[in-house]
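The values are calculated or read from the model by the stated rules, or taken from the named source; none is laboratory data. Here the structure is a predicted model, which means the values were calculated and not measured. In this analysis, Cβ positions are derived from the backbone assuming ideal geometry, glycine residues included, and neighbour counts consider all displayed protein chains. All accessible areas refer to the heavy atoms of the entire protein, side chains included, with ligands and DNA or RNA removed. Shrake-Rupley method; radii C 1.70, N 1.55, O 1.52, S 1.80 Å.
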Amino acid sequence: MNNPIPVKTDCDTDTGWLSVEQARARMCDSVKTIDGFERVALRDALNRILAEDVISPINVPPYDNSAMDGYAIRAADLASGSEVTLNVTGSSFAGTPYDGEMKSGETIRIMTGAKVPAGADTVIMQEQVQRDGDVIKISSDHKQGQNVRYIGEDIKQGGPALSSGKKIGSAEIGLLASLGIPEVTVKRKLRVAFFSTGDELRAVGEPLEDGQIYDSNRYTIYGMLSQLGVELIDMGVIPDDRNMIENAFNTAASLADAVITSGGVSVGEADYVKETLDKLGEINFWKISMKPGKPLAFGKVNNAVFIGLPGNPVSVMATFYQFALPTLQRMMGQDDVEPVIVKVPCKNMIKKRPGRTDFQRGVLMRNENGELVVDGAGMQASHILSGMSKANCFIILPAESGNIDAGTLVDIQPFYGLI
Ligand code: AMP
Ligand code: MG
């Protein structure tokens, strides 16, 4: 069962910092999967989370059929051990089966996907047969059952096809179609409100004045949330004004299952954000032992889960992927949210200071020998958003490690498969 969100425990390690794993586990374990589901047409189920176990109404394949273009035979007819001659007495095409029973000494011309006729148990590829008019000659060197795809060998009638919690991708939507299922029950969409805070932020389309920057976090967050398939409530930029911030949090929490903000969670900064959150909800302000992305706020505002990401654009994406994504997936009721991490040698030396787990931006590529290697994606500072665009993976370096020699195996998390 889900535990309530721990209140004001802050950090519980000796150093006062939370590890990435600790923070992720706390967040995922403290949220509940939303109730509520809807029945949708098959195509509308793409990227949604299945809210029912699907039991197959039919066998797939629905009948024994041929895996090859060739000839259906009875394996017993090959028992002599020498070359055998059989009479071609009919044909079975995909969609137009042979409706008689095949007798000993006979063979039926058969196409890929066509039903194996009654009496036959084996298919010989046409390349392994000599045909002469209405007879074929074949060697006896064949196995019973070869080239036959059996009824129900993919999915059995009455058996489990897909489980509740499965994200419906292209394979799943096709699988459901193969069962003839026109609609399914999926979880309702998670509602996520998000906004940026900060007096320095301008919206795109507005001119920049001295000391101002464009609000890019709301766009990366929009992108990641859109790919995740949630209902978006974009609340814009909220200026550094106590009342407006308080109103924004209240409105967001009343509209959404989860509220995501960026910025204003570092130590000693934008105190009124922290102050407002302290007043409104049960929020932990954590220091995470990761780079980029040290500060993170997590808790509840009224009934909504609140995730306060740091302000720097790369930190936003790194912490979204490591913490917000699995937490939201848990709320959406999705299974299989373990991050995919693989080991690859690094092409060049990587600079690192011991202390925090690094999520450096990397480029997974092939070296001159065609082997997969990873290299840094240029400048690694947390405001260099172009590095996220150049990169196709995170290079995850353990907290205690210092500089990494070229050729060392490092953990990488490909962006492919992230959202
Ligand atoms: P903060 O955590 O609010 O101190 O922000 C850290 C850094 O991120 C500062 O340089 C901010 O200007 C920048 N920043 C905060 N919010 C945004 C945003 N929405 N878009 C781009 N940069 C931002
Ligand atoms: Mg700020």
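Summary of values
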{"item": "Checking PHE298 against (1) touching a residue at least 40 places away in the same chain (Cβ under 8 Å); (2) open to solvent by 10 Å² or more (accessible area, probe 1.4 Å), the condition it does not meet", "result": "(2)"}
{"item": "Of all residues making up the stretch 161-212, the number that are of a type outside the set (Asp, Glu) and farther than 27 Å from ALA258 by Cα", "result": "19"}
{"item": "Members of the stretch 140-160 found to be open to solvent by 50 Å² or more (accessible area, probe 1.4 Å) and not aliphatic (A, V, I, L, M), listed by number", "result": "ASP141, LYS143, GLN144, ARG149, TYR150, GLU153, ASP154, LYS156, GLN157, GLY158, PRO160"}
{"item": "Search result, residues across the stretch 30-47 that are over 22 Å from VAL305 (Cα atoms), in a loop (DSSP other than H, G, I, E, B) and out of contact with any helix residue (DSSP H, G or I) (no Cβ under 6 Å at 6 or more places or on another chain)", "result": "ASN47"}
{"item": "Those residues of the stretch 209-224 which are in contact with a Phe, Trp or Tyr (Cβ under 7 Å, 6 or more places away or on another chain) and away from ligand 1 (no atom under 12 Å from the Cβ), in sequence order", "result": "MET224"}
{"item": "Hits in the stretch 96-128 (condition: of a type in the set (A, V, I, L, M) and crowded, with 22+ Cβ neighbours inside 10 Å)", "result": "MET102, ILE108, ILE110, ALA114, VAL116, ALA120, VAL123, ILE124"}
{"item": "Residue list for the stretch 85-122, filter: outside any loop (DSSP other than H, G, I, E, B) and either aromatic (Phe, Trp, Tyr) or touching a helix residue (DSSP H, G or I) at 6+ places or on another chain (Cβ under 6 Å) (or both)", "result": "PHE93, THR122"}
{"item": "Count of residues meeting criterion [open to solvent by 30 Å² or more (accessible area, probe 1.4 Å), near ligand 1 (Cβ under 10 Å from one of its atoms) and part of a loop (DSSP other than H, G, I, E, B)] in the stretch 168-202", "result": "2"}
{"item": "Residue match in the stretch 130-143 (condition: part of a strand (DSSP E or B), in contact with a Gly (Cβ under 6 Å, 6 or more places away or on another chain) and either of a type outside the set (Asp, Glu) or touching a residue at least 24 places away in the same chain (Cβ under 8 Å) (or both))", "result": "no"}
{"item": "Residue in the stretch 327-345 that is within 16 Å of ligand 1 (Cβ to nearest atom) and either open to solvent by less than 40 Å² (accessible area, probe 1.4 Å) or not assigned by TED's automatic domain parsing to the domain that holds ILE245 (or both) present", "result": "no"}
